[in-house]
């Protein structure tokens with residue numbers, strides 16, 4: 001007997017609404033509860049992330065679960081140094097506001113996940129990345145964002161920390177030289193939920209008006 | 001009377017399953033039906049894309065709906081030239097396979113959407129992009145992928161064309177010099193649905209084994 005081919009899903013109006021709620025309530029989380037993440041859930045989220053699109057199906061994403069205390073301490077120190085340098089770029093009220101922001105949940109988040117792009121991988125055979133080599137990194141971003149949405153679906157928050165020296169983080173985590181850091185993620189249960197970005201609530205940056213982002217040619 | 005604050009959504013196991021189906025059946029589509037996209041749907045998808053995360057809440061995404069025939073013809077010609085050059089990188093069986101692939105739906109897709117990163121925007125005030133300036137482009141990738149998933153939810157397929165000269169496309173579309181092309185999207189109803197990438201089905205690149213993408217430190 002031949003198995004019937006799988007049937008494409010039809011997404012109804014209830015799913016439309018829930019999906020929009022997911023986008024609206026996904027947040028960049030910096031305030032985490034310390035409760036551990038359920039056993040096996042990180043692996044499941046990474047498996048879902050691997051369903052992301054990638055240029056030439058190259059799948060250049062490499063996920064590194066950071067559990068060793070000394071490596072976490074070194075990443076935390078790198079963040080502190082980069083954040084301190086960044087503060088020098090601001091002056092007056094903007095500097096005061098920057099200094100007041102909590103920009104990473106590195107201390108409390110139970111899970112740290114570093115995500116790299118493997119530029120040495122032969123997968124994909126170069127298809128689609130000849131004129132736009134940055135699409136390799138872009139593929140990894142799609143995987144990161146898939147994991148982010150999947151985490152929120154499963155009740156977890158994700159915070160993307162970019163105030164880091166990417167090459168230093170690569171050295172701290174002892175991964176190959178042709179891997180470049182795309183994202184360092186904090187993952188765990190969020191202290192609170194919100195449908196408004198923290199940087200909007202705290203007066204750093206409002207949402208952009210729609211007429212400033214859509215054009216026609 | 002004070003309005004109650006909105007309640008965070010709870011995603012049940014049915015949503016979990018549907019969301020995973022969405023990831024499984026999202027495809028990079030190159031075969032489109034020519035039926036027009038419903039009036040207003042592109043605007044709605046762009047509005048959902050604007051819910052993507054962005055570094056410092058900078059929202060540097062700029063969407064350009066390409067409807068003018070002469071501009072579409074020029075983009076099509078740029079693709080043909082880049083694709084022809086790319087073919088020279090392959091030899092033997094791999095070259096034959098490359099030449100047989102349909103790598104863009106530019107002729108049939110009813111909607112073309114070019115997505116740029118505005119590197120001149122002051123929004124976000126530089127937060128988070130000092131040590132990793134590429135996170136501006138990464139924010140735009142998150143918006144592109146949000147739109148892609150939202151399109152699939154609404155029964156549309158998206159194909160990301162990267163076999164283009166990004167600076168030439170910028171000139172063809174006459175947008176500011178500090179905008180860089182992140183993605184050129186074809187959007188429309190797909191000819192067929194599948195839960196398997198076309199590049200897997202046609203023997204270009206298999207899915208990567210899980211043990212090659214998840215590590216621990």
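The values are calculated or read from the model by the stated rules, or taken from the named source; none is laboratory data. Please read these numbers as outputs of a predicted model, since none were measured by experiment. No Cβ is skipped: glycine too gets one built from the backbone with ideal geometry, and neighbour counts run over all protein chains shown.
Things worth noting here:
- Breaking point among (1) outside any strand (DSSP E or B); (2) within 7 Å of chain B (Cβ to nearest Cβ); (3) crowded, with 19+ Cβ neighbours inside 10 Å; (4) touching a strand residue (DSSP E or B) at 6+ places or on another chain (Cβ under 9 Å), for residue A:64: (1)
- Among (1) within 11 Å of chain A (Cβ to nearest Cβ); (2) touching a helix residue (DSSP H, G or I) at 6+ places or on another chain (Cβ under 8 Å), the one test that residue B:82 misses: (2)
- When residue A:51 is tested against (1) closer than 30 Å to residue B:185 by Cα; (2) modelled with pLDDT of 95 or more; (3) part of a helix (DSSP H, G or I), just one condition goes unmet, and that condition is (3).
- Checked against (1) farther than 21 Å from residue B:135 by Cα; (2) more than 17 Å from the chain's Cα centre (by Cα); (3) more than 10 Å from chain B (Cβ to nearest Cβ), residue A:97 meets all criteria but (3).
- Candidates B:106, B:45, filtered to the one that is closer than 18 Å to residue A:208 by Cβ, more than 10 Å from every other protein chain (Cβ to nearest Cβ) and either touching a residue at least 24 places away in the same chain (Cβ under 8 Å) or buried (at least 19 other Cβ atoms within 10 Å of the Cβ) (or both): B:45
- Odd one out for residue A:72 among (1) more than 9 Å from chain B (Cβ to nearest Cβ); (2) crowded, with 19+ Cβ neighbours inside 10 Å: (2)
- Breaking point among (1) in contact (Cβ under 8 Å) with a residue 60 or more places away in the chain; (2) not in a helix (DSSP H, G or I), for residue B:151: (2)
- Residue check, residue A:135 touching a helix residue (DSSP H, G or I) at 6+ places or on another chain (Cβ under 7 Å), within 30 Å of residue A:193 (Cβ to Cβ) and crowded, with 21+ Cβ neighbours inside 10 Å: no
- Conditions (1) under 22 Å from residue B:132 (Cα atoms); (2) assigned to a loop (DSSP other than H, G, I, E, B); (3) more than 7 Å from every other protein chain (Cβ to nearest Cβ): number failed by residue A:163: (3)
- Identity of the residue in the range B:116-139, more than 20 Å from residue A:169 (Cα to Cα), in a loop (DSSP other than H, G, I, E, B) and more than 9 Å from chain A (Cβ to nearest Cβ), that ends up nearest to the chain's Cα centre (by Cα): B:119
- Screening residue A:13 against (1) within 10 Å of chain B (Cβ to nearest Cβ); (2) over 24 Å from the mean Cα position of the chain (by Cα) leaves a single unmet condition, (1).
- Of the listed requirements (1) without any contact (Cβ under 8 Å) to a residue 24 or more places away in the chain; (2) under 22 Å from the mean Cα position of the chain (by Cα), residue A:58 misses just one: (1).
- The criterion of being within 26 Å of residue B:147 (Cβ to Cβ) and either assigned to a helix (DSSP H, G or I) or facing chain B (nearest Cβ under 7 Å) (or both) does not hold for residue A:171.
- Conditions (1) out of contact with any helix residue (DSSP H, G or I) (no Cβ under 9 Å at 6 or more places or on another chain); (2) surrounded by 17 or more Cβ atoms within 10 Å (Cβ to Cβ); number of the one not met by residue A:155: (2)
- Flag if residue B:90 is surrounded by 20 or more Cβ atoms within 10 Å (Cβ to Cβ) and touching a helix residue (DSSP H, G or I) at 6+ places or on another chain (Cβ under 8 Å): no
- Across the range B:186-211, the qualifying residues are those that are more than 8 Å from chain A (Cβ to nearest Cβ) and in a helix (DSSP H, G or I), and the one among them that is surrounded by the fewest Cβ atoms within 10 Å (Cβ to Cβ) is B:211.
- Given (1) assigned to a loop (DSSP other than H, G, I, E, B); (2) facing chain B (nearest Cβ under 7 Å), index of the condition residue A:90 fails: (2)
- Any hit, the range A:32-40, residues being facing another protein chain (nearest Cβ under 9 Å), surrounded by fewer than 16 Cβ atoms within 10 Å (Cβ to Cβ) and without any contact (Cβ under 8 Å) to a residue 40 or more places away in the chain: no
- Answer from B:183, B:142 - the residue that is at the interface with another protein chain (Cβ under 7 Å from one of its Cβ atoms), under 30 Å from residue A:12 (Cα atoms) and modelled with pLDDT of 95 or more: B:142
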